[in-house]
Amino acid sequence: MQNANTAVLLESDTNELEIVEFRVDECDGEGRTIPCYYGVNVAKVREIIRLPHLWKVLNGHPAVPGMIKLRDKVITVVDLAVMLNKNVGDMQADRVVVLEFNRLVVAVMVHSVSRIYRISWEQVEPPVKTASSSQVTGLVKMNDRIILVLDFEKIIGELFEEYALGADIPLLPEGSHDADRSKYTILVADDSPFIRNTITLSLRTAGYQVIEADNGEEALNIILNLQAKAQAKGGTITDLVSLLISDIEMPKMDGLHLTSRIKKDEKLAELPIIIFSSLASEDNIRKWEALGAVDILTKPDLPKLVEKIDQLILQ
């Protein structure tokens, strides 16, 4: 299966996504199979194949059984069952989902792949916040099962330190320690606590005031409330919030629909928006800019996060 064209997902503010459903099952105490359903945004999926020859890795992590060669490219393979702490007994994972995000290509082993579903982000519910849900960004309730949408950025970051958000990220650009940022407020909308905490830590350490939102719907409600307060005092939205940093993939309302709602409202349109996404291809960047985003951030850009925002706000 080749990767679906991301234009299907990102061409407009439809507030929809497509997810690939797959299974990573486990065994109960009596050896019976418990089916477990997971999903990933199809925009991250390059292809789905049968597990080819696996080249073993010496002294590797237990969750990295080896590497595969796919069209002359060597790709690290991750055993998702190990990363999810599953007891799989004698079950063998013979399907591989090849993912690409944050300029990284990685393959994950799964037990089976069923189909692609096109759904509204309104159908994706945030998970109950517990320690065991830290690898999950959303729940999709089907008629007979629940699909857990996995946070692959966090999963891969846990496995490979060099891909972890927050690793070796300088908090302040050189020569900027004297800048007074305390009068500026930034709203950060991201459903992943892992990513949101990394961004907000950098901003707060630099001196910015920060408001957090778990998803686009919550972010929009915050903005509308702030706009009403500003208007009551004869001001505008940017008197109370200087900038929005928004993820794309979020339950309830995605970042594209959020951006479109803001830019179509003349009372909110002046609010600058930075898109943070692991799906920042050149084509997607052009689409996001067309919606009104002033800048795009990816993981490799995070070391310059404060510097980028200073250029937008302080200059």
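Read the figures in this text as sums done on the coordinates, not as results from a lab. Because the structure is a prediction, the values reported are computed rather than measured. Glycine gets a Cβ as well: all are built from the backbone with ideal geometry, and neighbour counts include every protein chain shown.
Tell me the trypsin sites (Lys or Arg not before Pro) within segment 60-161 that lie in a loop according to DSSP and have at most 14 other beta-carbon atoms within 10 Å.
Those satisfying the criteria are R71, R103, K129, R145.
Report the longest stretch of the chain that contains none of the GluC sites (Glu not before Pro) sitting in a DSSP loop with at most 10 other Cβ atoms within 10 Å.
The longest such stretch corresponds to 31-173.
In what order do V149, V88 fall by count of nearby beta-carbon atoms within 10 Å, going from fewest to most?
Details: V149 23, V88 17.
The order, fewest Cβ neighbours first, is V88, V149.
What's the exposure ranking of H53, H111, H257, H61, going from fewest to most Cβ atoms within 10 Å?
By the 10 Å Cβ count, ascending: H53, H61, H111, H257.
Give the order of L203, L224 when sorted by the count of other beta carbons within 10 angstrom, beginning with the fewest.
Least to most surrounded, the residues fall as L224, L203.
Dividing the alpha-carbon radius of gyration of the chain by 2.2 N^0.38 Å (N being the number of residues), what value is obtained?
1.05
Among A230, I211, I116, whose Cα lies farthest out toward the positive end of the dipole of the chain, if unit charges sit on the beta carbon of Lys, Arg (+1) and Asp, Glu (-1)?
Going by the Cα projections, it comes out as I116.
Mind checking the dipole of the chain: about its Cα centre, +1 per Lys or Arg Cβ, -1 per Asp or Glu Cβ, Debye to the nearest 20?
That gives a dipole near 300 debye.
Rounded, prolate or oblate for segment 7-162? Axes are the square roots of the Cα gyration tensor eigenvalues, ordered a ≥ b ≥ c, and the cut-off for rounded is a/c under 1.5.
oblate
Using DSSP to call loops (not H, G, I, E or B), can you name the trypsin sites (Lys or Arg not before Pro) in segment 215-259 whose Cβ has at most 15 other Cβ atoms within 10 angstrom?
In loop regions of segment 215-259 (DSSP not H, G, I, E or B), the sparsely surrounded trypsin sites (Lys or Arg not before Pro) are K233.
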